[in-house]
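Student: One structure coming up, written as structure tokens, with questions to follow.
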Amino acid sequence: MSGWSVNDHKNYTNPPASGQKRPRNETGNKVIVVLGAQWGDEGKGKVVDLLATESDMVCRCQGGNNAGHTVVVDGQSYDFHLLPSGIINAKCISVIGNGVVIHLPGLFEEGEKNEKKGLKGWEKRLVISDRAHIVFDFHQEVDGMLEAQRQAQEGKSIGTTKKGIGPTYTSKASRTGLRVCDLLADFKEFSVRFKNLAQQYQSMYPGLKVDTDSQLKKLKEYAEKLRPMVRDGVHFMYEALHGPPKKILAEGANAALLDIDFGTYPFVTSSNCTVGGVCTGLGIPPANIGDVYGVSKAYTTRVGIGAFPTEQLNQIGELLQTRGHEVGVTTGRKRRCGWLDLVILRYAHMINGFTAIALTKLDILDVLDEIKVGVAYKLNGKRIPHFPSNMDVLNKVEVEYETFPGWKTDTSAARKWADLPPKAQNYIRFVENQISVPIKWVGVGPARECMIQLF
């Protein structure tokens, strides 16, 4: 028997109030999450931008400058790759979490480029987690070499953006990576580890040239520019969640079908771009995740290669491509286009648990006589209840479509639900019912005011 009385136990679990005691069940502020529900390029930047206008914090939690978000404010178009889209809002703190991989030249270049367009004081609003891994120039070179090698061996590449993201996550997983906290600590020690990492890469890739001295000189300069922005990310997020009420937003990069675990592997990115990545990429508990908004286009696009069941290799596909200006923000590649695929959206919802959906670029469908929606996949004539994990299987599925009459009306001036033609309303309601997630926004153009809010 321990020498503890019942009262001792009570006092131990409920210590006497010193100052104000926090109620035990309070989880703190919630983080609103915006995630891509297809293969990326869904218009997440727009939704984030809409929400960021009233947010106190906007956070990136995974990926790197392989993402590309375009935000249009007052007719000025800003392109963000590494900076959270909330950086436009002067009252908002932007956070780059530990799950993000950071190419320092890319970060400062992006800041300066947007500064020329009128973005002011971004360095003062940016917080970077000290646990984020660093993308070095040789990671980027290796990315290109690996892609060339895949092309030579299999006749197909995976369509990487060659931004060094995959190789950096590889270094992270093989415990040889270097983090922001290493760069800001003892620079001598950092230099030794940097040289070792570079050597390791050169032994694996004999064609790789690395000028370590000039690289280290640059890195030392970046270290000083970076220092004022760096915080312990875990402590910073905890304080934000448990301090005064705040609106906190997490901006997903890439999308569900590019997720390293749940995407169309191997044609995927190298991080988790589903909801779990928010917790691990920022260091926050699941209890602090609030609404999860999925973003989907009113049709489907994909950049690079990989299975794409509803792809239209015909005039419809070309029309969507030209009308939708479907060219990648980061790569400049033409995107492949096809009908909306609800099997994909349902699958993304299974993983992410969307509380609502933003359906973007509805206006691109304005000119079509009829519009199809993929509602199920069949294999050997039988419907399958899941989304195939194997690419060969996914390439073989037959899509079952539901066909709708087009509305043949310009929707780009619509600003509320009632402004949309009944046939467009019908299309939206059908999607909503099929995936069992309410649609909260409908996008009919590139600007902020083109997002119709339904509830």
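The values are calculated or read from the model by the stated rules, or taken from the named source; none is laboratory data. None of these values were measured; they are calculated from a predicted model. Counting neighbours? That spans all protein chains shown, and the Cβs are built from the backbone with ideal geometry, glycine included. Side chains are part of the model used for accessible areas, which takes the heavy atoms of the whole protein and leaves out ligands, DNA and RNA. Shrake-Rupley method; radii C 1.70, N 1.55, O 1.52, S 1.80 Å.
Student: For segment 362-432, run through the trypsin sites (Lys or Arg not before Pro) and keep only the ones in DSSP coil with at most 15 other Cβ atoms within 10 Å of their Cβ. Display every interim value, and only then the final one.
Tutor: On the way: sites: Lys372, Lys378, Lys382, Arg383, Lys396, Lys408, Arg415, Lys416, Lys423, Arg429; in loops: Lys408, Arg415, Lys416.
The qualifying sites are Lys408, Arg415, Lys416.
Student: I want the local charge near Val72. Using Cβ-Cβ distances under 9 Å, sum +1 for each Lys or Arg and -1 for each Asp or Glu among the other residues.
Tutor: 0
Student: Then there is this: Excluding Lys334 itself, what net charge comes from residues whose Cβ is under 12 Å from its Cβ, given Lys and Arg +1 and Asp and Glu -1? Numbers along the way, then the final one.
Tutor: Details: positive: Arg302, Arg333, Arg335, Arg336; negative: Asp41, Glu318, Glu326.
Net charge in that neighbourhood comes out at +1.
Student: Rounded to whole Å and sorted largest first, list the principal axis extents of the Cα atoms in segment 307-352.
Tutor: 32, 25, 18
Student: Among Gly166, Val431, Ile87, which residue has its Cα positioned farthest towards the positive end of the charge dipole of the chain, with +1 placed on the Cβ of Lys and Arg, -1 on the Cβ of Asp and Glu, and the dipole taken about the Cα centre?
Tutor: Farthest towards the positive pole: Ile87.
Student: Per DSSP H run of n ≥ 4, the term is -39500 (n - 2.57); total these for the chain, divide by its residue number, and report the mean residue ellipticity at 222 nm rounded to 500 deg cm²/dmol. Intermediate results must be reported in sequence, preceding the final value.
Tutor: Numbers: 14 runs with 152 residues, N = 455.
The helix-only estimate for the chain comes to -10000 deg cm²/dmol at 222 nm.
Student: Given the options Gly281, Val142, Leu345, identify the residue whose Cα lies farthest towards the positive end of the charge dipole of the chain (+1 on Cβ of Lys, Arg; -1 on Cβ of Asp, Glu).
Tutor: The Cα lying farthest towards the positive end belongs to Gly281.
Student: Dipole magnitude of segment 43-121 about its Cα centre, charges +1 at Lys/Arg Cβ and -1 at Asp/Glu Cβ only, in debye to the nearest 20?
Tutor: On the way: 8 positive and 9 negative charges, 11 e Å.
The dipole of segment 43-121 has a size of about 60 debye.
Student: Going through segment 87-152, which trypsin sites (Lys or Arg not before Pro) have at most 10 other Cβ atoms within 10 Å and a DSSP loop state?
Tutor: Numbers: sites: Lys91, Lys113, Lys116, Lys117, Lys120, Lys124, Arg125, Arg131, Arg150; in loops: Lys91, Lys117, Lys120, Arg131.
Those that pass, being in a loop and sparsely packed, are Lys120.
Student: Can you work out the FRET efficiency for the pair Val234 and Ser77, with r the C-beta to C-beta distance and R0 = 25 Å, to the nearest 0.05? It would help to have the intermediate numbers written out before the result.
Tutor: Details: r = 35 Å, r/R0 = 1.40.
Efficiency for this residue pair is about 0.10.
Student: Follow-up. Computed over the Cα atoms, what is the radius of gyration of segment 292-414 divided by 2.2 N^0.38 Å, N being its residue count?
Tutor: After normalising by residue count via 2.2 N^0.38 Å, the value is 1.08.
Student: Trypsin sites (Lys or Arg not before Pro) within segment 234-322: which are DSSP loop residues with at most 12 other Cβ atoms inside 10 Å? If you can, show how the numbers build up before the last one.
Tutor: Numbers: sites: Lys246, Lys247, Lys297, Arg302; in loops: Lys246, Lys247.
Qualifying residues, ordered by number: none.
Student: Let me ask something else. Just to confirm a number: summing +1 for Lys and Arg and -1 for Asp and Glu over residues other than His103 whose beta-carbon lies under 10 angstrom from that of His103, what do you get?
Tutor: Working: positive: Lys163; negative: Glu109, Glu110, Asp137.
Taking every other residue near His103 into account, the sum is -2.
Student: Calculate the dipole size of segment 265-399 relative to its Cα centre from +1 charges on Lys and Arg beta carbons and -1 charges on Asp and Glu beta carbons; express the result in debye to the nearest 20. Each step should come with its number before you reach the end.
Tutor: Details: 14 positive and 11 negative charges, 60 e Å.
Charge dipole of segment 265-399: 280 debye, to the nearest 20.
Student: With +1 on each Lys and Arg Cβ and -1 on each Asp and Glu Cβ, and nothing else charged, work out how big the dipole of the chain is about its Cα centre, in Debye to the nearest 20. Before the final figure, lay out each step's value.
Tutor: Working: 56 positive and 49 negative charges, 114 e Å.
Dipole of the chain, to the nearest 20 debye: 540 debye.
Student: On to the next question. For segment 196-204, take each phi angle, set θ = phi - 60°, evaluate the Karplus expression 6.51 cos²θ - 1.76 cosθ + 1.60, and give the result in whole Hz per residue in order, putting x for glycine and proline.
Tutor: In residue order, the calculated couplings are 4, 5, 4, 5, 4, 5, 5, 6, 7 Hz.
Student: Averaged per residue, what accessible area in Å² does segment 163-278 show with a 1.4 Å probe, protein chains only? Each step should come with its number before you reach the end.
Tutor: Numbers: 5650 Å² over 116 residues.
Ligands and nucleic acids excluded, the figure is 49 Å² per residue.
Student: Can you give me the long-range amide H partners of His103? Hydrogens built in the peptide plane at 1.01 Å from N, cutoff under 5 Å, separation of 5 or more residues or another chain.
Tutor: Asn65, Val135
Student: Return the carbon/sulfur percentage of the accessible area of the chain, one whole number, probe 1.4 Å, all protein chains in place.
Tutor: Values: 10740 of 20670 Å².
Reported share for carbon and sulfur atoms: 52 percent.
Student: Report the equivalent ellipsoid semi-axes for the chain in whole Å, largest first, defined as the square roots of five times the eigenvalues of the gyration tensor built from alpha carbon atoms. Intermediate values should be presented prior to the final figure.
Tutor: Values: eigenvalues 274, 182, 104 Å².
For the chain, the ellipsoid semi-axes come out as 37, 30, 23 Å.
Student: Here is a follow-up. So what are the ³J(HN,Hα) numbers for segment 309-320, from phi and the Karplus equation (6.51, -1.76, 1.60; θ = phi - 60°), rounded to whole Hz, Gly and Pro as x?
Tutor: Couplings: x, 8, 4, 10, 8, 7, 5, 4, x, 5, 4, 4 Hz.
Student: Then there is this: Taking amide hydrogens as modeled 1.01 Å from N in the peptide plane, which residues meet the under 5 Å criterion relative to Val33, leaving out close sequence neighbours?
Tutor: Ala250, Gly290, Asp291, Val292, Tyr293
Student: A further question on this structure: Based on DSSP, what percent of beta bridges with both residues in the chain are antiparallel, to the nearest 5? Kindly include the intermediate steps, with their values, before the conclusion.
Tutor: On the way: 25 of 61 bridges.
Around 40 percent antiparallel, to the nearest 5.
Student: Just tell me the longest site-free run in the chain, where the sites are GluC sites (Glu not before Pro) in a DSSP loop having at most 11 other beta-carbon atoms within 10 Å.
Tutor: Values: sites that count: Glu26, Glu54.
Result, exposed sites excluded: 55-455.
Student: Find how many whole Å separate the alpha carbon centroid of segment 228-248 from the alpha carbon centroid of segment 60-113.
Tutor: 19
Student: Right, another one. Quick one: of the DSSP bridges fully inside segment 278-428, what percent are antiparallel, nearest 5? The partial results should precede the final answer.
Tutor: Numbers: 16 of 23 bridges.
Beta bridges within segment 278-428, antiparallel portion: roughly 70 percent.
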